[in-house]
1. Which of the residues that make up the range 87-133 are open to solvent by 50 Å² or more (accessible area, probe 1.4 Å) and either within 22 Å of I65 (Cα to Cα) or among the small types (G, A, S) (or both)?
2. Yes or no: the range 55-66 includes at least one residue that is among the hydrophobic types (A, V, I, L, M, F, W, C), within 15 Å of the chain's Cα centre (by Cα) and surrounded by fewer than 17 Cβ atoms within 10 Å (Cβ to Cβ).
3. Cβ-Cβ distance below 6 Å, separation of 6 or more or different chains: which pairs start in the range 66-92 with a residue that is over 12 Å from I136 (Cβ atoms) and in contact (Cβ under 8 Å) with a residue 24 or more places away in the chain and end on one that is among the hydroxyl-bearing types (S, T, Y) and assigned to a helix (DSSP H, G or I)?
4. Report yes if D79 is in contact with a strand residue (DSSP E or B) (Cβ under 9 Å, 6 or more places away or on another chain), of a type outside the set (K, R), within 20 Å of L4 (Cα to Cα) and open to solvent by 30 Å² or more (accessible area, probe 1.4 Å), otherwise no.
5. Can you find, within the range 15-30, the residue that is farthest from the chain's Cα centre (by Cα) among those that are exposed (fewer than 13 other Cβ atoms within 10 Å of the Cβ) and outside any loop (DSSP other than H, G, I, E, B)?
6. What tally of residues in the range 134-146 results from selecting those that are under 15 Å from T74 (Cα atoms), open to solvent by 10 Å² or more (accessible area, probe 1.4 Å) and small (G, A, S)?
Amino acid sequence: MLSLTDEMKREIIMDHYSNPNNKNKPQNMNDYKQIRMDSDSCIDDITIYLKVENDKIIDALFDGIACAISTSSTDILCDLIKGKSYKDALYIIEQYQNMLFEKEYDASVLDELIVFSETYKQAARIKCANIGADGISKIINGDNNE
């Protein structure tokens, strides 16, 4: 597991917030499954887009307005699930959510998501850290009303 100082964690979060790799609308919306996710406790209002072929995630994007925690966690998740099967993406999300909710988790699949390992200490931020993971899970599981 990565050993990161609080300052390093903040830098990773702020980098993904200020310069997200995956914050963009798809060129061809018809190629993507999508879901809008919002929060009643924060400014978060994002749409997540997944391009899927044969149960494999080809591309993952998001767009909208969100706080630093939501933006950075969703951006990192999009990076991690690209090229993964549904099964592998859901495993990463399960481990991430286990970490957020203080359960046993497999840190080996989390990469930079590990920066959110102490989010449980700020209960109000758990929803922010989980909004992207929840949306991606819903798309994969067919709960996106399409």
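1. Those that are open to solvent by 50 Å² or more (accessible area, probe 1.4 Å) and either within 22 Å of I65 (Cα to Cα) or among the small types (G, A, S) (or both): S108, E112, Q122, A123, A124, R125, K127.
2. Let us first name the residues in the range 55-66 that are among the hydrophobic types (A, V, I, L, M, F, W, C), namely 57-58, 60-62, 65-66.
Okay, now just the ones that are also within 15 Å of the chain's Cα centre (by Cα), so 57, 60-62, 65-66.
Next cut, surrounded by fewer than 17 Cβ atoms within 10 Å (Cβ to Cβ) only: 65.
Yes - at least one qualifying residue is present in the range 55-66.
3. A68/Y17; T71/Y17; S72/Y17
4. Values: in contact with a strand residue (DSSP E or B) (Cβ under 9 Å, 6 or more places away or on another chain): yes; of a type outside the set (K, R): yes; within 20 Å of L4 (Cα to Cα): yes; open to solvent by 30 Å² or more (accessible area, probe 1.4 Å): yes.
Taking the combined requirement at face value, the residue satisfies it.
5. Of everything passing the filter in the range 15-30, N30 is farthest from the chain's Cα centre (by Cα).
6. 1
The values are calculated or read from the model by the stated rules, or taken from the named source; none is laboratory data. The model shown is predicted, which means the values in this text are computed figures rather than measured ones. Backbone-built Cβ (ideal geometry, glycine too); neighbour counts: all protein chains shown. When the accessible area is computed, the model is the full protein with side chains, heavy atoms only, and any ligands, DNA or RNA have been set aside. Shrake-Rupley method; radii C 1.70, N 1.55, O 1.52, S 1.80 Å.
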